[in-house]
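Every number here is computed from the coordinates shown, using simple stated rules; none is lab data. Please read these numbers as outputs of a predicted model, since none were measured by experiment. Note: ideal-geometry Cβ built from the backbone for every residue, glycine included; neighbour counts use all protein chains shown.
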Amino acid sequence: MLNVENLNVAVADEPILKGLSLQVNAGEVHAIMGPNGSGKSTLANVIAGREGYEITSGSVVFEGQNLLELAPEDRARQGIFLAFQYPVEIPGVNNVYMLKAAVNAIRKHRGDEELDAIDFLKLVREKLKLVEMKEEFLHRPVNVGFSGGEKKRNEILQMALLEPRLAMLDETDSGLDIDALKVVASGVNGLRGKDRAIVLVTHYQRLLDFIVPDHVHVLAGGRVLKSGGKELALELEERGYGWVEQSVSPSAETAL
Amino acid sequence: MSQAVSTAEDYLAAQRLANLPAVGTAWLDIRRNQARSLLEGVGLPTPRQEDWKYTNIRPITRSTFDPVSGSSGWNDQDFLESIQLPGLNSYRLVFADGILVRELSSCDGLPAGVTIASVAEILRADSAKLENLLGSALPTSPHGFTAMNSSFIADGAYLDIGPGIVLDKPVELVFICACAGEDRLGMPRNLIVGRPGSHASVIERYLSVVEARSLTNAVSEVILEEDAQLTHQRITDESSRSFHVGGLFARLGGDSRLDACSITLGGSLVRNDVLVNLDASGATVDLAGLYLARGRCHIDNHTHVVHNSPSARSRELYKGILNDRSRAVFHGRITVQAGAQQTDSEQNNQNLLLSREAEVDTKPQLEIYADDVKCSHGATVGQLDEMAVLYLRSRGIGESQARGILTHAFAGEILERIELDNLRLHLDHCVSHRLSSVERVVS
Ligand SMILES: Nc1ncnc2c1ncn2[C@@H]1O[C@H](COP(=O)(O)OP(=O)(O)OP(=O)(O)O)[C@@H](O)[C@H]1O
Ligand SMILES: [Mg+2]
């Protein structure tokens, strides 16, 4: 479904991703872990189409299509979704207004009829229940004044509405209390299916207790250093990242 | 092609020939003559005058406009219907090039104690009524256009809301540039008086019948007595070839309140002056403004709030959206006179530049002669938040729609202050329509 090959990305001439490769098949859940600053968000952002990154070489192919040549909105319409590590506040734009515009843009692209206000409200109410958000959040400006946890729930609400094929969650679990964590997990698990794939960027095993991954990758120094099954996450939790980095490249400095 | 350059003298000559109402009324003759002398002395504005530094009126002086002092007979009912605000129930006066069109006006059911009338009619019938009011809220040294308006005083709206009356419907004053291709100059002169404890809402709308060149030089005076409240909405949406100079001059009594919202949607050169004198304690003024500039148009807002008394409050927020090669000027002046302690004043001007060629000059000016005051001001000129654009796009919303949504949200902060639902929806629609495709600024 998603094939990232030998991806090299720089920001302001500073290389950040250095020959990163990753393959995600439909139906799978992948967890990406790794030390701060290793390039996890960079990878997710590049896949979602955020500007400001210089792609020096490599490819990102989604369902046979070269993602790198698509505008961010076209990637979203193809089914890519990124729950941002730091969701943006948008004063003056009601949450419900943005959600409806997004759902209808994607429906239109798929050739479905756009939803009117009443049908949309029905749909969004259903999803609000799923993420246990109060309806008042619909009528507040996007993320403005939301607590950290509320912003993360709002990302999951968007994911639930847009039903992406590939959902990437960038540290959506960070800063969540246990109830919110369960909400995020049930949102993600509700999306799991044989046609969809999920990529979780996380620092904590805690999330992976609720969303059990098929594959775990360690990203460090801009590359995937090690991949394994769900046990790898447990091992990382116990031993940190140092041993991975040393076992792969004895000359590498200990990062943690 | 002759590049005729018109001067104050041309308008003084036209004034002498004009058939103005109530000539021979002593006090009015004196005022008109004083205004003539003022205009003679100061002339039409030039960039050498500090208040006109960034606004060159050459496009206006390239033609000599023909001042209108009597009815042209225009009374196009169909046009009026086409510009009706859906669902808005109002008392309405309609003016064509500054002169009342009685057939199109309607003030049925007006409560006792309220006057809504033509200034010309009052001057002819009972001019003494206006003697102490007309001109009383004007700046002490008005610019040439205001002086010109005062030297004519042909017609306009006179509103007097009696003591304690809460007017049940808004008053809609529609000023139409009615004559096509004739370089007409309409100079409505309005007077709005809120007696103690009264409440009213007034909408001034400036519109054109066709895409023609015209000049409007409108002056509205507002006098609020103790405890009076007025909501004043001024919407300028004339043809893209029109020139518009407008003034709102107000003086506020104790505990009175003025909420004034000025929305400029169209016109080739627009200059709005606002002067508010807070003359007694407890007076409050809230000035809001929104200007949308496109093409090569030029929009200039000059506001001056004067705290003459202690414990008065002023708030001001003007927002501008500039596209193409348009230009905007904002000059917000606040004066706190000696003795005006416990003044509470805030001013803010925010501009959104959607094009690299658009330009804005924003200038706050605080003059404070009292020591126990709270005054703040701020101005910003910026572009859309690119992180917000990306956020919307990453949810599938197309780029131009995303930019439109964010631009509209910027305007929303002003529009949402308009309490009349029908008016707000109408303006919201106008703004959306004009912002429907906001392209990316390559910077
Ligand atoms: N726009 C940018 N400008 C400058 N440096 C950047 C930019 N974006 C990323 N970087 C740098 O790239 C490196 C990787 O950043 P990235 O956000 O991808 O890390 P991360 O793995 O997500 O870290 P964390 O776990 O802390 O979220 C960091 O050193 C960061 O400072
Ligand atoms: Mg990160």
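Quick notes on this one:
- 27 Å Cα-Cα reach of residue A:230 towards lysines, excluding residues that sit fewer than 8 places from it in its own chain: A:18, A:40, A:152, A:182, A:194
- Once C-alpha pairs closer than 8 Å and six or more residues apart are averaged by separation and normalised to the residue number of chain A, the relative contact order reads 26 percent.
- Cα-centred dipole magnitude for the protein assembly as shown, charges only on beta-carbon of K, R (+1) and D, E (-1), debye, nearest 20: 700 debye
- Under the shape rule built on the C-alpha gyration tensor, where the axes satisfy a ≥ b ≥ c, region A:67-182 is oblate, since a/c reaches at least 1.5 while a/b does not exceed b/c.
- Highest-MSF residue in chain B out of B:148, B:187, B:387 [GNM, Cα springs under 10 Å]: B:387
- Cα gyration tensor, region B:8-280 - rounded (a/c under 1.5), prolate or oblate: rounded
- Positive-end residue, region B:8-280 charge dipole about Cα centroid, Cβ charges, pick of B:243, B:117, B:210: B:243
- For chain A, with +1 on Lys and Arg beta carbons and -1 on Asp and Glu, the positive-most of A:19, A:232, A:222 along the dipole: A:232
- For region A:120-176 and region B:282-352, distance of Cα centres in Å: 38 Å
- Proximity of backbone amide H atoms, modeled 1.01 Å from N, is registered between residue B:288 and B:260, B:261, B:262, B:317 at under 5 Å, excluding neighbours fewer than 5 places apart on the same chain.
- Among B:56, B:349, B:301, residue whose mean-square fluctuation peaks in a GNM of chain B (springs only between Cα atoms under 10 Å): B:56
- Order of B:335, B:140, B:264 under a 10 Å beta carbon neighbour criterion, fewest first: B:140, B:335, B:264
- Electrostatic dipole magnitude of region A:14-87 [Cβ: Lys, Arg +1; Asp, Glu -1; Cα centre; debye, to 20]: 200 debye
- Whole-Hz couplings from phi, Karplus 6.51/-1.76/1.60, listed for region B:99-115; x for Gly and Pro: 10, 4, 10, 5, 4, 9, 9, 8, 10, 4, x, 5, x, 4, x, 10, 10
- The ranking of A:176, A:7 from fewest to most other beta carbons within 10 Å of each one's beta carbon is A:176, A:7.
- Gaussian network model of chain A, springs between alpha carbon atoms under 10 Å - residue of A:129, A:182, A:151 with greatest fluctuation: A:129
- In this structure the amide hydrogen of residue A:196, modeled in the peptide plane, comes within under 5 Å of the amide hydrogens of A:27, none closer than 5 places in sequence on its chain.
- Taking every C-alpha pair closer than 8 Å and separated by at least 6 residues, the mean separation divided by the residue count of region A:154-228 gives a relative contact order of 31 percent.
- The calculated FRET efficiency for residue A:117 paired with residue B:49, based on their beta-carbon distance and R0 = 60 Å, is about 0.70.
- Under a 5 Å amide H cut-off, with hydrogens placed 1.01 Å from N, residue A:172 pairs with A:201 among residues at least 5 apart or on other chains.
- Sorting A:33, A:133 by the number of Cβ atoms found within 10 Å of their own Cβ, with the fewest placed first, yields A:133, A:33.
- Helix-only arithmetic for chain B: the sum of -39500 (n - 2.57) across DSSP H runs with n ≥ 4, divided by the residue total, places the mean residue ellipticity at 222 nm at -6500 deg cm²/dmol.
- Shown in residue order for region B:122-130 are the 3J(HN,Hα) couplings computed by the Karplus curve 6.51 cos²θ - 1.76 cosθ + 1.60 at θ = phi - 60°: 5, 4, 6, 8, 7, 4, 4, 3, 9 Hz (x for Gly and Pro).
- Modelled FRET efficiency - R0 25 Å, residue A:57 with residue B:383, Cβ distances, 0.05 increments: 0.20
- Long-range Cα-Cα pairs in region A:2-255 (distance over 34 Å), rounded percent: 16 percent
- Derived scalar couplings between HN and Hα for region B:346-351 equal 9, 9, 8, 10, 10, 10 Hz in order, rounded to whole Hz, by the Karplus curve 6.51 cos²θ - 1.76 cosθ + 1.60 (θ = phi - 60°), x for Gly and Pro.
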